[in-house]
1. In a shell of Cβ-Cβ distance under 15 Å around Ser181, excluding Ser181 itself, what net charge do Lys and Arg (+1) and Asp and Glu (-1) give?
2. Distance check, please: which entries in Lys3/Lys428; Lys217/Lys338; Lys252/Lys428; Lys290/Lys338; Lys185/Lys435 exceed 32 angstrom between their Cα atoms?
3. So, by mean Cβ neighbours within 10 angstrom, what's the order for 121-128, 71-78, 282-289 with the highest one leading?
4. What is the magnitude of the charge dipole of the chain about its Cα centre, with +1 placed on the Cβ of each Lys and Arg, -1 on the Cβ of each Asp and Glu, and no other charges, expressed in debye to the nearest 20?
5. Suppose R0 equals 35 Å. What FRET efficiency, 1/(1 + (r/R0)^6) with r the Cβ-Cβ distance, do His260 and Asp432 give to the nearest 0.05?
6. Quick check: net charge around Gly294, other residues with Cβ under 14 Å of its Cβ, Lys/Arg +1 and Asp/Glu -1?
7. Is the C-alpha gyration tensor of region 46-100 telling us rounded, prolate or oblate? Criteria: a/c under 1.5 is rounded; beyond that, a/b larger than b/c is prolate, otherwise oblate.
8. Pop out the ³J(HN,Hα) list for region 321-327 in order, Karplus 6.51 cos²θ - 1.76 cosθ + 1.60 with θ = phi - 60°, rounded to Hz; leave Gly and Pro as x.
Amino acid sequence: MTKQVHIIGGGMAGSEAAWQAINLGVPVVIHEMRPHVGTFAHQTGNLAEMVCSNSFRSDDDEQNAVGLLHWEMRAAGGLIMEMADRHRLPAGGALAVDRENFAQSVTDRLRGHPLVTVSEAEVTALPDDGPAIIATGPLTSGALAEAIAREAGQDSLAFFDAIAPIVHADSIDMSKAWMQSRYDKGETEEERTAYLNCPMDRDTYEAFIDALLAADKTEFHEGETAKYFDGCLPIEVMAERGRETLRHGPMKPVGLTNPHQPDIKAHAVVQLRRDNKLGTLFNIVGFQTKMKYGGQTEVFRMIPGLENARFARLGGIHRNTFINSPTLLDHEMRLRSKPHIRFAGQITGVEGYVESTAMGLLAGRLAAAEVLGNSLPPVPQETAMGALIHHITGGAEAKTFQPMNVNFGLFPPVDLKGGRKNRKARYKGYTDRAKAAWQEWLDAA
């Protein structure tokens, strides 16, 4: 076989697309410009580097659409899920990973495979022939983004994604903080103590909000607009929506008891999640920010327990480019005007590591099948994979298209025998139906 699949972008989606293709015997070339051409958010040249969070979110495959997507990718032999499981960290009911070891393992597996070639040159134009997959993610380089926009006949859509800060564990004051997952969730003691909690009383919280609102923020360049994705709002943007917003969001105090003051209910709680296997780094959960660096250190050190915090990484903000997929892509994720090119990952308008990886998995299988002269059946919309691909390739309203996480609202309604059931039974109905449909699709593909 001489025909290769060219995959532009070596993030989550590109790495998974490559893995799926080579497992079908189709060689791939991964074009990843890092580290020779860097981005605002990336630190290394590794494939599948995680830049925003180290969490794949819920791993509950019976009651959560994200957990169901985990299950479907595992069933399909996904590389990203294999390495996430290998390098998982305690995180209650979530799947969090040691980001450095995770990315290194993905890189080693792909670079060591005989059917994989990695090119480190920057791609600045759309491929003239194929098959090709563009999986450049939210930080698509300027030249390639312009090429995509010219082909699409429209300006690229964009919003801004913010990065949460990471703190050195030994700089946290544990006489004020404590380890506990909300509602002691988890099957092991390690899971039940997966989060580090910093409590605030009312006065501290109010002072924190005042400082947050007054801090210097990153300014946008001329012509840029701040179309934030609601699932990744900077904390100062949330605070601007109301002083109580953070208390009902990432700083909610529910399900937690402070062992230092068990009789006093915290007014708000800041949670940190372990960021590496050694437990030496913790990221501040939900604290994406566009504050300037000086303001960040001043404001975050107002948090009880973080008065002397040392930061391994401060927060930041970056542009996130995505295409209007319902208008531009067909049902197999091909660019209608150039069908030898597929798009995958976050650039298609899915949001999150898990969803991006899932679209890479499908794009890799679809491209490999095309090389092999096979035709895959449509992915059932009853599955998490099918719900996402249907949404981005026609299910969403093109005029108002915005990035979307996987959720049960994207699935066809489930028909439960015996009439109306509670939410737990309904979600179990969604996941049972999806697993059966996904396994049937894998068997037929």
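The values are calculated or read from the model by the stated rules, or taken from the named source; none is laboratory data. The structure displayed is predicted, hence computed values, not measured ones. When we count neighbours, we look across all protein chains shown, and the Cβ atoms used for this are built from the backbone with ideal geometry, even at glycine. Note: areas computed on protein heavy atoms with side chains; ligands, DNA, RNA excluded. Shrake-Rupley method; radii C 1.70, N 1.55, O 1.52, S 1.80 Å.
1. With Lys, Arg at +1 and Asp, Glu at -1, the neighbours total +1.
2. The answer is Lys3/Lys428; Lys217/Lys338; Lys290/Lys338.
3. My ranking of the peptides, most packed first, is 282-289, 71-78, 121-128.
4. Around 740 debye, computed over the chain.
5. Given R0 = 35 Å and the Cβ-Cβ separation, E is 0.20.
6. +2
7. oblate
8. 9, 8, 9, 7, 4, x, 8
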